[in-house]
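As structure tokens, the structure follows; a few thoughts come after it.
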Amino acid sequence: MLQIDKKELRERLTGLRDRIPEEVRSSAGAEIFRRVRALEQYAGSETVLCYVSVGSEPATREFITAALREGKKVAVPVISRGEMTFGYIDSVNSLVPGAYGIPTAPRRGGTVSDFSSCICITPCVSVDETGVRLGNGGGYYDRFLGSHREVFSVAVCFDETLSRELPREDHDIIVDMYITQTVCKEVS
């Protein structure tokens, strides 16, 4: 097992991502989400579970808008009492302030209870060739995906932060696929 301090690695890779010029992040993000929308798993899903981007993460608002326009139900993370659920939204304009400064679904939209036809667009600072992802450190997606194995999970990041190998702990959940602006690989 690779022995690297995850916190230090997370900070280094987030700094690297932050230094990618905005115009490069914008075009790379558009390509990442074009690839997501081309997936058969996306086409076959009824509901898209998607993070709401902040900072230098691949931007999701245009993707969310496109998914809604295509008739998909879209749900975004809702963090409450240390747990993550997904709340439905009908527009990016309906997002409200949430935990950690991340926009979230309003309470009135309802939460997802049936995950049988969902694809989950999973944020990460980095992902490696085996589908191990380095998230933001809260473990929310690992707990969610560990409890909902029926959900097809896709980690998205930029080429610049794609890793050859990341440290993995017992609680880390391998994603089904990862996508960057040049790579689309199913891993499980």
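The values are calculated or read from the model by the stated rules, or taken from the named source; none is laboratory data. This is a predicted model, so every value here is computed, not measured. A quick note on method: Cβ atoms are made from the backbone with ideal geometry, for glycine too, and the neighbour counts reach across all protein chains shown.
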Give me the pairs: first residue in the stretch 156-182 and outside any loop (DSSP other than H, G, I, E, B), second residue small (G, A, S) and buried (at least 16 other Cβ atoms within 10 Å of the Cβ), beta-carbon distance under 7 Å, and six or more apart or on different chains, which are they?
T161/S126; S163/S126; Y178/G131; Y178/A155
Among residues of the stretch 56-83 being at pLDDT below 95 and assigned to a strand (DSSP E or B), the residue surrounded by the most Cβ atoms within 10 Å (Cβ to Cβ) is I79
When (1) over 24 Å from E31 (Cα atoms); (2) at pLDDT 95 or above are applied to E169, the one that fails is (2)
What pairs can you find where one residue is in the stretch 95-119 and closer than 18 Å to G138 by Cα, the other is assigned to a helix (DSSP H, G or I), and their Cβ atoms are less than 9 Å apart, with a gap of 6+ or different chains?
P103/V92
Of the numbered conditions (1) closer than 30 Å to D114 by Cβ; (2) touching a residue at least 12 places away in the same chain (Cβ under 8 Å); (3) of a type outside the set (A, V, I, L, M), R34 fails exactly one; give the number of that condition.
(2)
Does Y42 qualify as being closer than 20 Å to V112 by Cβ, out of contact with any Phe, Trp or Tyr (no Cβ under 8 Å at 6 or more places or on another chain) and either at pLDDT below 95 or crowded, with 20+ Cβ neighbours inside 10 Å (or both)?
no
One residue is enough: does the stretch 161-172 have a residue meeting the conditions polar (S, T, N, Q) and closer than 18 Å to F86 by Cα?
no
Quick check on my filter: what residues within the stretch 98-115 are assigned to a loop (DSSP other than H, G, I, E, B) and modelled with pLDDT under 95?
G98, I102, P106, G110
Number of positions in the stretch 24-43 that are out of contact with any helix residue (DSSP H, G or I) (no Cβ under 7 Å at 6 or more places or on another chain) and under 14 Å from V74 (Cα atoms)
1
Would it be correct to say that A30 is hydrophobic (A, V, I, L, M, F, W, C) and surrounded by fewer than 19 Cβ atoms within 10 Å (Cβ to Cβ)?
yes
Go through (1) assigned to a helix (DSSP H, G or I); (2) in contact with an Asp or Glu (Cβ under 8 Å, 6 or more places away or on another chain) for K7 and report which single condition fails.
(2)
